[in-house]
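Have a look at the structure below before the remarks.
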Amino acid sequence: MTHISVPIYVAALKINRKTDKFVWVEDVVMLRGAVNYTTVYLQNGKQIMIAHTLKYFEDILQDYGFLRVHRAYLINPVHLLKYDRENQKISLSHNLSAEVSRRRAKNLAVLNG
């Protein structure tokens, strides 16, 4: 699979409630949720842990083309490199990967047309 062309709008994602720290939405490769915390993986290799659920970010980022592919993963499809249907995994840019649940695999089918 080659790079997918999905429009990403120039927007900032607030990462701290107490301060005014933001990251650009286009710099986010994927998010990984664990209970009430979410780790945001950025293009520059940095990881930021935030005390919010993945659902919180899903509601914000779905308008920017982000896809929920597993209960623990939300991806930016612009960074999608390969989808391995047999092993239910996707490869993303910057050597990141994520699992794909059987139920949410249909979200990736939307990208293939």
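Restricting attention to the range 89-101, the residues being within 18 Å of GLY33 (Cα to Cα), without any contact (Cβ under 8 Å) to a residue 40 or more places away in the chain and not hydroxyl-bearing (Ser, Thr, Tyr) number 4.
Looking across the range 1-51 at every residue that is modelled with pLDDT of 85 or more and in contact with an Asp or Glu (Cβ under 8 Å, 6 or more places away or on another chain), the one that is farthest from LEU61 (Cα to Cα) is identified as ASN44. Say we look at the range 84-113 and pick out the residues that are at pLDDT below 90 and crowded, with 16+ Cβ neighbours inside 10 Å; which of these is farthest from LEU54 (Cα to Cα)? Looking at the filtered set, the residue picked out is LEU108.
When each of TYR64, TYR73 is tested for being buried (at least 16 other Cβ atoms within 10 Å of the Cβ), modelled with pLDDT under 90 and under 12 Å from the mean Cα position of the chain (by Cα), the lone residue that passes is TYR64. Selection over the range 38-47 of residues that are part of a strand (DSSP E or B), more than 20 Å from SER101 (Cβ to Cβ) and either more than 13 Å from the chain's Cα centre (by Cα) or not β-branched (Val, Ile, Thr) (or both) gives a count of 2.
Condition check ((1) closer than 17 Å to ALA98 by Cα; (2) aromatic (Phe, Trp, Tyr); (3) surrounded by 15 or more Cβ atoms within 10 Å (Cβ to Cβ)) across all residues:
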residue	(1), (2), (3)
VAL25	no, no, yes
ARG32	yes, no, yes
ALA51	no, no, no
GLU58	yes, no, yes
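The values are calculated or read from the model by the stated rules, or taken from the named source; none is laboratory data. Only a predicted model underlies this, so the values are computations on that prediction, with no experimental measurement involved. Backbone-built Cβ (ideal geometry, glycine too); neighbour counts: all protein chains shown.
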